[in-house]
Amino acid sequence: MARTFTVSRSVLIEVSPAVAYDAISRPAHMGRWSPENLGATVSAPDESARLGLTFEGRNKRGAFRWVTRCTVTAAEPGSRFAFRVHAIGLNRPRLRGSIATWEYRFERDGDATRVTETWTDDRRSWPTFVTNVFDRVATGGQTFADFQVRNIERTLCNLKQELETAPGGVIGGSAH
């Protein structure tokens, strides 16, 4: 079976691209929407991340917890936000290597914004057999691509719900 290296999903959210970008570009806030991420340690958690910023993400899957080191690779307000995951570990991200890239695109659609979240598997050097075994153990029987589709759908659904129901456009203390 051929490996799937990239999966994407989109959702239409009744806010401007600037509002959607402002929410997603704050890694410390991602835990509010993601089923796996618990947030991030960022020097300025209430500001949009800038290009080149390195941060540590805190994650969970069931009882398992881990930390990742990530670097922002795109920070184009209202248009595109992306980061690369390049280290992982239980308490500290010690194991270095290409792991994944997360990208968010924001496209105006009338008075709303189409937000597209994309996960790319950067473990290109891993043999397919090893990847398949690791993925099925880590996800409870799925490939990471299949597992991430579900995570992306939940993240986008939660993001949509929060952004569309925030009173006065205020998200987590930030005026939008």
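The values are calculated or read from the model by the stated rules, or taken from the named source; none is laboratory data. Just so we're clear, the structure is a prediction, and the values are computed from it rather than from any experiment. Counting neighbours? That spans all protein chains shown, and the Cβs are built from the backbone with ideal geometry, glycine included. Keep in mind that these areas ignore ligands, DNA and RNA; they rest on the heavy atoms of the full protein, side chains included. Shrake-Rupley method; radii C 1.70, N 1.55, O 1.52, S 1.80 Å.
Could you list, in sequence order, all residues of the stretch 100-133 that are in contact (Cβ under 8 Å) with a residue 60 or more places away in the chain, farther than 30 Å from S16 by Cβ and acidic (D, E)? Outline the logic, then answer.
Narrowing the stretch 100-133 to residues in contact (Cβ under 8 Å) with a residue 60 or more places away in the chain: 104, 106-109, 111-121, 124, 128, 131-132.
From what is left, the residues that are farther than 30 Å from S16 by Cβ are 121, 124, 128, 131-132.
Of everything in the stretch 100-133, just one residue is in contact (Cβ under 8 Å) with a residue 60 or more places away in the chain, farther than 30 Å from S16 by Cβ and acidic (D, E), namely D121.
One residue is enough: does the stretch 149-166 have a residue meeting the conditions under 22 Å from A2 (Cβ atoms) and among the small types (G, A, S)? No, the conditions are met nowhere in the stretch 149-166.
State all residues of the stretch 145-176 that are out of contact with any His (no Cβ under 9 Å at 6 or more places or on another chain) and either modelled with pLDDT under 90 or more than 22 Å from T120 (Cβ to Cβ) (or both); if no residue qualifies, say none. Don't jump to the end; show me each part of the working.
Initially, the stretch 145-176 is screened for residues out of contact with any His (no Cβ under 9 Å at 6 or more places or on another chain), giving 145-162, 164-165, 167, 173, 175-176.
Hits for the stretch 145-176 are K160, Q161, E162, E164, T165, P167, G173, A175, H176.
Given the criteria among the polar types (S, T, N, Q), within 24 Å of G141 (Cβ to Cβ) and surrounded by fewer than 19 Cβ atoms within 10 Å (Cβ to Cβ), does S79 qualify? Considered against the rule, which asks whether it is among the polar types (S, T, N, Q), within 24 Å of G141 (Cβ to Cβ) and surrounded by fewer than 19 Cβ atoms within 10 Å (Cβ to Cβ), S79 comes out as no.
The residue that is farthest from the chain's Cα centre (by Cα), counting only those in the stretch 2-33 that are under 30 Å from R124 (Cβ atoms) and surrounded by fewer than 18 Cβ atoms within 10 Å (Cβ to Cβ), is A2. Picking from residues in the stretch 133-143 that are open to solvent by 40 Å² or more (accessible area, probe 1.4 Å) and assigned to a helix (DSSP H, G or I), the one that is farthest from R3 (Cα to Cα) is V137. Residues of the stretch 34-64 that are closer than 15 Å to A74 by Cβ, part of a loop (DSSP other than H, G, I, E, B) and open to solvent by 20 Å² or more (accessible area, probe 1.4 Å): S48, R50, L51, G52.
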